[in-house]
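The values are calculated or read from the model by the stated rules, or taken from the named source; none is laboratory data. What you are looking at is a predicted structure, and each value in this text was computed from that prediction instead of being measured. Here the Cβ positions follow ideal geometry from the backbone for every residue, glycine too, while neighbour counts run over all protein chains shown. The protein model used for the area step is the full one, side chains on, heavy atoms only, and it has no ligands, DNA or RNA in it. Shrake-Rupley method; radii C 1.70, N 1.55, O 1.52, S 1.80 Å.
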Amino acid sequence: MDYKMLFILVEGDDDKRFFEKIITPLFEGKYYLVKVWKYAQQKKEKVSKFLESIKAMSAEYIYVSDIDRTPCVTARKQYIQNKFKEVDKDRIIVVIREIESWYLAVLDDKSSKKLGIRYSNTTDNVTKEQFNNLIPRKFDSRIDFMQEILKCFNIETGKHRNTSFRYFIDKFNCEV
């Protein structure tokens, strides 16, 4: 194995939790080090310097962003590139709509029933608010619910239920 490093830049805690549990292990064997880094609470200058340092180390990175209110993936990538000149558009992954849709995507029918939520064939349009409304009362918190999801995830199911999740897995050739 080469001593290559991969940095995955994510927005916040929910993204970091998801990527550390589900995505990071998919890169094992490909990279010496895979590190998930939260950028949403950082100053713009710090994010820019972090991106520059990644490039200076000849490391690789993936910049992950929710699509939020932008009309399409291309517009979101352009918005990010306008904000951070250091970002290569080919290293940007746009989650549709928000990371919560990826959480739900990796649940199969059996696990959905076990957690007490209704299964749907696609999670492409799930928003944070919709996700929050699905949380069964038996969970103490949103984080508790997310952690339970991460205990029973199924990547193949996620690929079938969410277009942007499938794109990510295929783009980076993540073997399941």
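To keep it simple, each residue is scored yes or no on (1) of a type in the set (Gly, Ala, Ser); (2) open to solvent by less than 40 Å² (accessible area, probe 1.4 Å); (3) modelled with pLDDT of 95 or more.
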| site | (1), (2), (3) |
| --- | --- |
| 39 | no, yes, yes |
| 43 | no, no, yes |
| 53 | yes, no, yes |
| 61 | no, yes, yes |
| 83 | no, no, yes |
| 87 | no, yes, yes |
ask   = Does residue 95 satisfy being in contact (Cβ under 8 Å) with a residue 40 or more places away in the chain, in contact with a helix residue (DSSP H, G or I) (Cβ under 9 Å, 6 or more places away or on another chain), under 25 Å from residue 145 (Cα atoms) and among the hydrophobic types (A, V, I, L, M, F, W, C)?
value = yes
task = Return yes or no: is residue 138 farther than 19 Å from residue 164 by Cβ and touching a residue at least 12 places away in the same chain (Cβ under 8 Å)?
result = yes
note = Of the residues in the stretch 76-89, those that are more than 16 Å from the chain's Cα centre (by Cα), part of a helix (DSSP H, G or I) and among the charged types (D, E, K, R) number 2
task = Select, from 143, 67, the only residue that is within 17 Å of residue 17 (Cα to Cα) and either assigned by the TED database to the domain that holds residue 7 or open to solvent by 70 Å² or more (accessible area, probe 1.4 Å) (or both).
result = 143
inquiry  = Only one of 87, 106, 36 is outside the structural domain of residue 151 (by the TED database) and either touching a Ser or Thr at 6+ places or on another chain (Cβ under 8 Å) or under 18 Å from residue 169 (Cα atoms) (or both). Can you tell me which?
reply    = 36
inquiry  = With the requirement that a residue be surrounded by 17 or more Cβ atoms within 10 Å (Cβ to Cβ) and among the small types (Gly, Ala, Ser), what does the stretch 89-126 give you?
reply    = 101, 105, 111, 112
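Mind listing whichever residues of the stretch 27-37 are exposed (fewer than 11 other Cβ atoms within 10 Å of the Cβ) and not in a loop (DSSP other than H, G, I, E, B)?
The first filter runs over the stretch 27-37 and keeps only residues exposed (fewer than 11 other Cβ atoms within 10 Å of the Cβ), leaving 28-29.
28, the sole residue that qualifies.
Does residue 170 meet the test of being assigned by the TED database to the domain that holds residue 18 and closer than 24 Å to residue 70 by Cβ?
Working: assigned by the TED database to the domain that holds residue 18: no; closer than 24 Å to residue 70 by Cβ: yes.
Answer is no for this residue.
Every residue in the stretch 127-140 that is farther than 17 Å from residue 14 by Cα and either among the small types (Gly, Ala, Ser) or open to solvent by 60 Å² or more (accessible area, probe 1.4 Å) (or both), please. Give the steps one after another, and end with the answer.
Of the residues in the stretch 127-140, the ones farther than 17 Å from residue 14 by Cα are 136-138.
Residues satisfying the conditions are 137, 138.
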